[in-house]
């Protein structure tokens, strides 16, 4: 399947997408990440373990070792996994335990 066959992350998780954009801007992170976030595809929830909280925005196994840590009140709330280029978000990990609704459940 190609990215065009998957829903957009912004359509499935509109609130989370808006929050990621706001946190990226607030923390003066790379503008190129802000530019791509709304068009990211949603490939589903990572299935590596029952407790994994990664929402995949690239095919499984695409994640690189770069992480952008997004904080609220000094606490990490979201981690963005980046491809080796540093310009593509491959997964969004929500760390604060919030319920993201049915689309985030296995």
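FYI, it's all coordinate maths here, none of it is from the lab. A quick note: this is a predicted structure, and the numbers were derived from the prediction, not measured. Cβ placement follows ideal geometry from the backbone for every residue including glycine, while neighbour counts extend to all protein chains displayed.
If each DSSP helix of 4+ residues adds -39,500 (n - 2.57) and the sum is divided by the residues in the chain, what number results at 222 nm, nearest 500 deg cm²/dmol? Show your work: numbers first, answer last.
Numbers: 3 runs with 24 residues, N = 106.
Per the formula, -6000 deg cm²/dmol.
Quick one: compute the contact order of region 3-104, relative version, from alpha carbon pairs under 8 angstrom and 6+ residues apart, as a percent.
23 percent
Identify which of 81, 65, 49 has the largest mean-square fluctuation in a Gaussian network model of the chain, with springs joining Cα atoms closer than 10 Å.
49
Could you calculate the contour length gain from residue 95 to residue 38, that is, 0.36 nm times the residue separation minus the distance between their Cα atoms, to one decimal place in nm?
Difference between extended and current length: 18.5 nm.
Where the eigenvalues come from the Cα gyration tensor of region 1-63, what are the semi-axes √(5λ) of the equivalent ellipsoid, largest first, in whole Å?
21, 14, 11
In whole angstrom, how far apart do the alpha carbon centroids of region 70-98 and region 13-43 sit?
So the separation of the two Cα centres works out to 10 Å.
What is the mean projected area of the alpha carbon convex hull for region 3-104, to one decimal in square nanometres?
Mean projected area of the Cα convex hull: 6.2 nm².
Which ordering of 90, 51, 57, 85 is given by a fewest-first count of other beta-carbon atoms within 10 Å?
Details: 90 22, 51 5, 57 26, 85 9.
Fewest to most other Cβ atoms nearby, the residues stand as 51, 85, 90, 57.
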